[in-house]
Amino acid sequence: MSARFAVGETVTVRVAFPPGHVRTPFFVRGKTGRVTEVLGPYRNPEELAYGRSGEPALPLYRVIFDTADLWDDYQGAAQDTTVVDIYENWLEAP
Amino acid sequence: MAHDHSHGHPHDHGHGHQPHPFQPDLEETPLTHYQVMTQAVGDLLIDKGVFSAEELRAMLEAIDAKSPAAGARMVARAWVDDGFKARMLADVNAAAGELGIDAGGIPIRAVENTEGVHNVIVCTLCSCYPRLLIGLPPDWYKSRSYRSRTVREPRAVLAEFGTVLPEDVEVRVHDSTADLRYMVLPARPDGTEGWDEAALAGLVTRDCMIGVTLPKSPAA
Amino acid sequence: MSNERSEDGLLRRHHDMGGLPAGPVERNEHDYAPWEKRVDAILRLLADPKRGVLTVDELRRGIEELGPGAYDEMSYYERWIASVTNNLLEKGVITVDELGRRMAEVSAAWPAGTAEKS
């Protein structure tokens, strides 16, 4: 599998708000995190949702965010994190 | 969120539309539109040979057979066997097979609680959960409140479950958005030295494998 | 298509609720009713790769397209069976005509009839 990003790399979630079956949550769009794992490839759920093949399969990344970066008024601890599994088509270099 | 208050259940038609023995407790309750739909859709799919009545029965039994106990067994084994723990952290499904547990084909990942990190699992987009290992999720896991707030204020949500973590612990929330399902491998409680696996498994609750609580304490 | 606008005018679909304000987590648990397990079993059988009638992705997309009222008006497995059924109709696995007839037969055969609530 040829993956665009590597473990440890900083990535930013693409800013787009299409309708349709998207598995990248609203709350991480435009946010920047770090790749902790590269998984897959997995077929694209945006396409599977309409009965299509979902191919070519995409690399899937575990991306860790500082939770305080995700919310303007985060009340937890500075070192808290949030990990989200994101398909490659939603990630860009920062 | 709407709760299901229905108490009736439709017939399980094995062989077409044969009348069923009268079951007073159940048949006095009217069916809802969606219960009627459920019965009709299942019957049509059987009639069309998409699956058989026997396959449906077997699947219902398989659903009932799954419970948190399978996860608890794995956690207990991981607590006493470092090699198993490493294999479980690498691949829950394969490690489950070592114990004779069928965790299904969807990859399940265990995330380990340590002194410095406490993990919590959520699915903000729907209700992804390691069902094939530990059974069906509780209603609250699928609720708007849990799905909305756990990523936003995990410590407040955990506090509602009676779990208060020190400020120097990292609370790590995993949003199950894709093809993996997640479970927490909690830390072994103090005061359990020398305990056998069955006793250890007794401390492992469903909620501590979701991450909203810690395992039961031996003192409790 | 069920949509909500965030304050910035950006599209947030109603099921995509991470971070939205909400009340305390009600620690509700209920034993799953037989009909609910039947819905789950039907979905698992349909989604089994050896049958490949429906994917979990299609189930989810179908639920998302039920509209924002679905979360307030329908229970969890009501949303599932609504989505499964819509998908089966779209795919032509069942027809509206035969489903309607079968549903009418199920209702008629049930001694207590059907409830007024959806």
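What spacing in nm lies between the two simple spin-label points modelled at residue C:105 and residue B:117, each 7 Å away from Cα in the Cβ direction?
So the two model labels end up 5.6 nm from each other.
Assign unit charges at the C-beta atoms only (+1 for Lys and Arg, -1 for Asp and Glu), then state the dipole size of the stretch B:43-173 relative to its Cα centre in Debye, rounded to the nearest 20.
Details: 16 positive and 19 negative charges, 71 e Å.
Using only the charged Cβ atoms, the result is roughly 340 debye.
Taking DSSP loops as anything outside H, G, I, E and B, show the longest stretch in chain C free of GluC sites (Glu not before Pro) there with at most 15 other beta carbons within 10 Å. Could the numbers behind the result be given before it?
On the way: sites that count: C:7, C:26, C:29, C:116.
Longest gap between qualifying sites, sites excluded: C:30-115.
Let's test the formula: R0 of 25 Å, r as the Cβ-Cβ distance of residue B:82 and residue A:1. What FRET efficiency results, to the nearest 0.05? Spell out each step's value before the answer.
On the way: r = 31 Å, r/R0 = 1.22.
So, using R0 = 25 Å, E works out to roughly 0.25.
Checking an interface number: how much accessible area is buried between B and C, summed over both chains, with a 1.4 Å probe, in Å² rounded to 100?
Numbers: alone 12800 and 9270 Å², together 15770 Å².
Interface between B and C: roughly 6300 Å².
Cysteines without a disulfide-compatible partner in chain B, using Cβ under 4.7 Å as the rule?
Unpaired cysteines in chain B: B:126, B:208.
Give me the percent of accessible area attributable to carbon and sulfur for the stretch B:68-210, probe 1.4 angstrom. Walk me through the numbers before you get to the answer.
Details: 2410 of 4780 Å².
Accessible surface attributable to carbon and sulfur in the stretch B:68-210 totals 50 percent.
Say R0 is 35 Å: what FRET efficiency, to the nearest 0.05, do residue A:32 and residue C:14 get from their beta-carbon distance?
Numbers: r = 26 Å, r/R0 = 0.75.
After rounding to 0.05, the efficiency reads 0.85.
Once amide H atoms are built 1.01 Å from N in the peptide plane, which residues 5 or more positions from residue A:42, or in another chain, come under 5 Å H to H?
HN-HN under 5 Å from residue A:42: A:58, A:60.
From the residues B:69, A:12, B:84, which one has its Cα farthest along the dipole of the protein assembly as shown in the positive direction, the dipole being from +1 and -1 charges on Cβ of Lys/Arg and Asp/Glu about the Cα centre?
A:12
What's the Cα-based Rg to Rh of the stretch A:10-92, Rh via Kirkwood? All intermediate terms of the calculation are to be shown ahead of the outcome.
Working: Rg = 13.7 Å, Rh = 13.5 Å.
Rounded to two decimals, Rg/Rh equals 1.01.
Work out the length of the dipole vector of the protein assembly as shown about its Cα centre, built from +1 on the beta-carbon of each Lys and Arg and -1 on the beta-carbon of each Asp and Glu, and round it to the nearest 20 debye.
Working: 45 positive and 66 negative charges, 142 e Å.
Computed charge dipole of the protein assembly as shown: roughly 680 debye.
Using +1 at the C-beta of Lys and Arg and -1 at the C-beta of Asp and Glu, which of A:53, A:87, A:68 has the Cα lying farthest in the positive direction of the dipole of the stretch A:10-92?
A:53
Which GluC sites (Glu not before Pro) does the stretch B:167-220 hold that lie in a coil by DSSP with at most 13 other beta carbons within 10 Å? It would help to have the intermediate numbers written out before the result.
Working: sites: B:167, B:170, B:193, B:197; in loops: B:167, B:193.
Hits after loop and neighbour filter: B:167, B:193.
With every atom except the alpha carbons ignored, what do you get for Rg and Dmax of chain C, in angstroms?
In Å, with Rg to one decimal and Dmax whole: 16.9, 53.
Helix B:53-65: angle to the longest alpha-carbon principal axis of chain B, degrees 0 to 90, nearest 10?
Once rounded, the angle reads 30 degrees.
Amide H to amide H, which residues 5 or more places from residue A:87 or on other chains are under 5 Å from it, using H placed in the peptide plane?
Here the answer is A:61, since their amide H atoms fall under 5 Å of that of residue A:87.
I need the calculated FRET efficiency for the pair residue B:193 and residue B:90, taking r as the beta carbon distance and R₀ as 25 Å, to the nearest 0.05.
Details: r = 26 Å, r/R0 = 1.06.
About 0.40, to the nearest 0.05.
What do you get for the angle between helix B:33-47 and the principal long axis of chain B? Use alpha-carbon atoms, 0 to 90 degrees, nearest ten.
80
Per residue, how much accessible surface does the protein assembly as shown expose to a 1.4 Å probe? Answer in Å², no decimals. If you can, show how the numbers build up before the last one.
Working: 18200 Å² over 432 residues.
Per residue, the protein assembly as shown has an accessible area of 42 Å².
Using only alpha-carbon positions, what ratio does the radius of gyration of the protein assembly as shown give when scaled by 2.2 N^0.38 Å?
Numbers: Rg = 22.3 Å, N = 432, 2.2 N^0.38 = 22.1 Å.
Taking N as the residue count of the protein assembly as shown, the ratio is 1.01.
Whole-Hz ³J(HN,Hα) for each residue in the stretch C:90-99, computed from phi via Karplus 6.51 cos²θ - 1.76 cosθ + 1.60 with θ = phi - 60°, x for glycine and proline: what do you get?
4, 7, x, 6, 10, 10, 4, 4, 5, 5
Which residue, B:208, B:121, A:36, has the largest displacement toward the positive end of the dipole of the protein assembly as shown when charges sit on each Cβ (Lys, Arg +1; Asp, Glu -1)?
It is A:36.
May I have the pair-distance distribution P(r) for the stretch B:68-210, computed from all Cα-Cα distances with 10 Å bins from 0 and rounded to whole percent?
Cα pair-distance distribution for the stretch B:68-210, in percent: 12, 43, 36, 9, 0.
Could you give the size of the charge dipole of the stretch C:32-109 about its Cα centre, using +1 on the Cβ of each K and R and -1 on the Cβ of each D and E, expressed in debye and rounded to the nearest 20? List each step's numbers first, then the result.
Details: 11 positive and 14 negative charges, 78 e Å.
About 380 debye.
Give me, ordered by chain and number, the residues 5 or more places off residue B:109 or on other chains with an amide H under 5 Å from its own placed amide H.
Residues meeting the criterion, in which the H sits 1.01 Å from N, are B:181, B:182, B:183.
Give the residue list of chymotrypsin sites (Phe, Trp or Tyr not before Pro) in the stretch A:23-94 that are DSSP loop and have at most 12 other beta-carbon atoms within 10 angstrom. Numbers along the way, then the final one.
Working: sites: A:26, A:27, A:42, A:50, A:61, A:65, A:71, A:74, A:87, A:90; in loops: A:50, A:71, A:74.
Listed in order of number, the matching sites amount to none.
The values are calculated or read from the model by the stated rules, or taken from the named source; none is laboratory data. What you see is a predicted model, and the numbers here were worked out from it, not measured in a lab. Glycine also receives a Cβ, built like all others from the backbone with ideal geometry; neighbour counts cover every protein chain displayed. Note: areas computed on protein heavy atoms with side chains; ligands, DNA, RNA excluded. Shrake-Rupley method; radii C 1.70, N 1.55, O 1.52, S 1.80 Å.
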